[in-house]
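The values are calculated or read from the model by the stated rules, or taken from the named source; none is laboratory data. The structure displayed is predicted, hence computed values, not measured ones. Using ideal geometry, Cβ is built from the backbone for each residue, glycine included, and neighbour counts are taken over all protein chains shown.
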Amino acid sequence: MSSYSKGEVADEEQKSTKVLLTNLPSEREIYLKTISVRLRHKGKELCVRVLIDDGSHRSYIEKSLAAELNLSPSGKEILSQGLFGGEISAAEHGRFTVTVESLDGKYSTSVSLLDQPKICSTLPRIRDEDLLTELASQGIKSTDVGRDAPPIRILLEADVL
């Protein structure tokens, strides 16, 4: 017969779970939905990395990228962005429109984006040849592959593509 009460057992199980979660192998790479695309605006063309975010309600462009493309704002929006239930003060974002095109040129669309100083920290590209072969066998071709990890410069809400 155990000397633990029901609450103590639950606490012990929770502690064990926390330990298990923190001991996950750190060498395992997690790949988020990233793609490489071509941006076009008034004769300028740039290839950039994009993060597709199913949970985002808006699409964003890195502020410095909007300047590189000489984009002019079509308007402004004031938003309060929350992360993990927290909220930060309202900030003004310029709204820009740019043409996003697949690297093979088979798909193109005009997208409205809000500017943001930085989209996210570094995200790895797929570099595992076995994984790329497996994806190809399923009819999936990734455009965001390689050893280097250029910055993510655009975040697209999932319904854009």
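What do you reckon, is Ser89 modelled with pLDDT under 95 and either of a type in the set (A, V, I, L, M, F, W, C) or within 15 Å of Tyr60 (Cα to Cα) (or both)? In short, no. On inspection, Pro73 qualifies as over 19 Å from the mean Cα position of the chain (by Cα) and assigned to a loop (DSSP other than H, G, I, E, B).
Take the conditions outside any loop (DSSP other than H, G, I, E, B) and surrounded by fewer than 15 Cβ atoms within 10 Å (Cβ to Cβ) and apply them to Asp148. Does it pass? Judged against the criteria, Asp148 is not a match. Only one of the numbered conditions (1) surrounded by fewer than 13 Cβ atoms within 10 Å (Cβ to Cβ); (2) closer than 27 Å to Gly146 by Cβ; (3) touching a residue at least 60 places away in the same chain (Cβ under 8 Å) is not met by Ser36, and that is (1).
The residue pairs whose first member lies in the stretch 73-89 and is within 16 Å of Leu114 (Cβ to Cβ), whose second member is at pLDDT below 85 and of a type in the set (D, E, K, R), and whose beta carbons are closer than 6 Å, counting only pairs six or more residues apart or on different chains, are Ser80/Glu87. Quick test of your reading of the structure: Ile52 fulfils all but one of (1) surrounded by fewer than 16 Cβ atoms within 10 Å (Cβ to Cβ); (2) in a strand (DSSP E or B); (3) modelled with pLDDT under 95. Name the failing condition by number. The single condition Ile52 does not satisfy is (1). Taken over the stretch 110-142, the residue count meeting the criterion of being within 23 Å of Leu71 (Cβ to Cβ), of a type in the set (Ser, Thr, Tyr) and surrounded by 11 or more Cβ atoms within 10 Å (Cβ to Cβ) is 1.
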